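Working notes, structure below.
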Amino acid sequence: MTNKSEAQKPGSFVGTLLFGLAIVFLGILFIYVLLVAYGRAKETRSWNKVSAKILRLEIIESRPTPNSPIQFTPVVEYEYLYGDVKYIGTSIKRVNGPSSDRGRAEKKIKPFSKGAEVDCWVNPNDPSQALLKHGTLAPLYTVWFPGLFVIAGLGIIINAFKRFINKS
């Protein structure tokens, strides 16, 4: 517990103010990241839906460095027609990546079978970009959590100003 004279020092005010600003900044940064992720997931829902044919399903094993664990990359290759041009797509979702768990990689390609006709969504501004599944809209529903950091940081800043003003 600090005594009253320590809490009223200018260094204490500045430190508290900087701490509050840092908390607000981090909250705003995470809100921005979540809103960008939501925007990207929402954007693909306006892309054009076309039929595609699954050409290849595979799990590729790789080891980026000799000491890293094996990574499993799900590969789905499909062909679709857009504007009288045939394209080959490989994206399941907008963000694809390897997994260190083979079961997780297999789960991503499980809904598909070779030769099957599926729906894919094509970016009308770049028809070579297509995907088989939309990303989740969950980032919008979780934006409240970093919002709490913004509110807490603002509370710290306001409290620091109140203590500083009351000192005078």
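One table, with the values for the structure above:
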| read-out | value |
| --- | --- |
| Subset of the range 47-77 that is at pLDDT below 95, assigned to a strand (DSSP E or B) and hydroxyl-bearing (Ser, Thr, Tyr) - its residue that is farthest from the chain's Cα centre (by Cα) | Ser62 |
| Output for the range 47-73, where each listed residue is closer than 26 Å to Pro124 by Cβ and either in contact with a Lys or Arg (Cβ under 9 Å, 6 or more places away or on another chain) or hydrophobic (A, V, I, L, M, F, W, C) (or both) | Trp47, Val50, Ala52, Ile54, Leu55, Arg56 |
| Residue ID - surrounded by the fewest Cβ atoms within 10 Å (Cβ to Cβ), chosen from residues in the range 112-122 that are within 25 Å of Gly39 (Cα to Cα) and more than 20 Å from the chain's Cα centre (by Cα) | Asp119 |
| Condition broken by Asp119, with the remaining ones in (1) acidic (Asp, Glu); (2) in a loop (DSSP other than H, G, I, E, B); (3) touching a residue at least 24 places away in the same chain (Cβ under 8 Å) satisfied | (2) |
| In the range 127-168, the residues that are of a type in the set (Ser, Thr, Tyr) and part of a helix (DSSP H, G or I) | Tyr141 |
| Lone qualifier among Asn67, Asn48 - being in contact with a Pro (Cβ under 7 Å, 6 or more places away or on another chain), surrounded by fewer than 17 Cβ atoms within 10 Å (Cβ to Cβ) and not acidic (Asp, Glu) | Asn48 |
| Within the range 78-111, tally of residues that are buried (at least 16 other Cβ atoms within 10 Å of the Cβ), in a loop (DSSP other than H, G, I, E, B) and either of a type in the set (Gly, Ala, Ser) or more than 22 Å from the chain's Cα centre (by Cα) (or both) | 1 |
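The values are calculated or read from the model by the stated rules, or taken from the named source; none is laboratory data. Small disclaimer: the values here were computed from a predicted structure and weren't measured. Using ideal geometry, Cβ is built from the backbone for each residue, glycine included, and neighbour counts are taken over all protein chains shown.
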